[in-house]
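Asks: Submitted below is the structure of interest, expressed as structure tokens.
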Amino acid sequence: MLTRSHLAALALCGAPLLACKSGPPERETPSRTCGDSIHDLGWLSGSWLQATVPNTLEEHWTHADGGTLLGVSRAVVRGKTVFFEYMRIETREDGLYYVAQPMGRPGTDFKLVRCNSSGVLFENLQNEHPKHIRYERLSPTHLTARIEGEKDGKPVAQDFHFTRM
């Protein structure tokens, strides 16, 4: 049987009794960290170029929207495309993933393991090369990328130094 005090409590809650809390309302404190949203990587968007005459390497990234950043990369040596790659960074239930498709092959997933306002690190320790993909924003116009892994059991790394186009 509902008493007058039960009815008063229901009226004060304005919601079902299970949702009612006694005492002052709790303050929401966001516990959001870098990498919780694809928008945290929005600084990667745009066109980036590494030019060392007569070679060029370019990466182009869409803006962060719809849970993804989409990218394409191309290496041109002496006027001929020698390498291309499709990339995407996508939101999944368990975090952000970088998916690399060099030369159009099936994708390899790299999970975001570190993120701050100026850099990200993706990792797939099961992959021989690369195991790590890192991007670092040095300034609004300069970006470095680094891939690290193993080749024939030996550690290898490659750095890319991009300027915004």
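The values are calculated or read from the model by the stated rules, or taken from the named source; none is laboratory data. Small disclaimer: the values here were computed from a predicted structure and weren't measured. Here the Cβ is made from the backbone with ideal geometry for all residues, glycine too, and neighbour counts use every protein chain on show. Ligands, DNA and RNA are excluded from the accessible area calculation, which covers all protein heavy atoms including side chains. Shrake-Rupley method; radii C 1.70, N 1.55, O 1.52, S 1.80 Å.
Asks: Give the value in nm², to one decimal: projected area of the alpha carbon convex hull of segment 85-127, averaged over all directions. Kindly include the intermediate steps, with their values, before the conclusion.
Replies: Numbers: hull surface 13.8 nm².
Answer in nm², one decimal: 3.5.
Asks: Put VAL156, VAL76, VAL120 in order of accessible area, largest first, 1.4 Å probe: what do you get? List each step's numbers first, then the result.
Replies: Numbers: VAL156 50, VAL76 25, VAL120 5 Å².
Greatest to least solvent exposure: VAL156, VAL76, VAL120.
Asks: Right, here's the next one. What's the local net charge at THR144, with K and R +1, D and E -1, over the other residues with C-beta under 11 Å away? All intermediate terms of the calculation are to be shown ahead of the outcome.
Replies: Values: positive: ARG134, ARG137, ARG146; negative: GLU136, ASP159.
Around THR144, the surrounding residues sum to +1.
Asks: Something else now. Run the accessible area of segment 44-163 with a 1.4 Å probe and give the carbon-and-sulfur part as a rounded percent. Spell out each step's value before the answer.
Replies: Working: 3550 of 6820 Å².
Of the solvent-accessible surface of segment 44-163, carbon and sulfur hold 52 percent.
Asks: Something else now. For MET165, MET103, MET87, write out the residues from largest to smallest accessible area, computed with a 1.4 angstrom probe and no ligands counted.
Replies: MET165, MET103, MET87
Asks: May I ask you to derive the FRET efficiency for THR52 and ASP94 from their Cβ-Cβ distance with R0 = 45 Å, giving the value to the nearest 0.05?
Replies: Values: r = 38 Å, r/R0 = 0.86.
So the FRET efficiency works out to roughly 0.70.
Asks: Could you calculate, for segment 96-165, the ratio of the Cα radius of gyration to the Kirkwood radius, expressed as Rg to Rh? Please list the in-between numbers first.
Replies: Numbers: Rg = 12.7 Å, Rh = 12.8 Å.
With Rg and the Kirkwood Rh in hand, the quotient comes to 0.99.
Asks: Sticking with this structure for a sec: With every protein chain in place, what's the accessible area of LYS111 (1.4 Å probe, Å², nearest 10)?
Replies: Roll a 1.4 Å probe over it and LYS111 shows about 70 Å².
Asks: Per-residue accessible area for TRP43 at 1.4 Å probe radius, Å² rounded to 10?
Replies: Accessible area of TRP43: about 30 Å².
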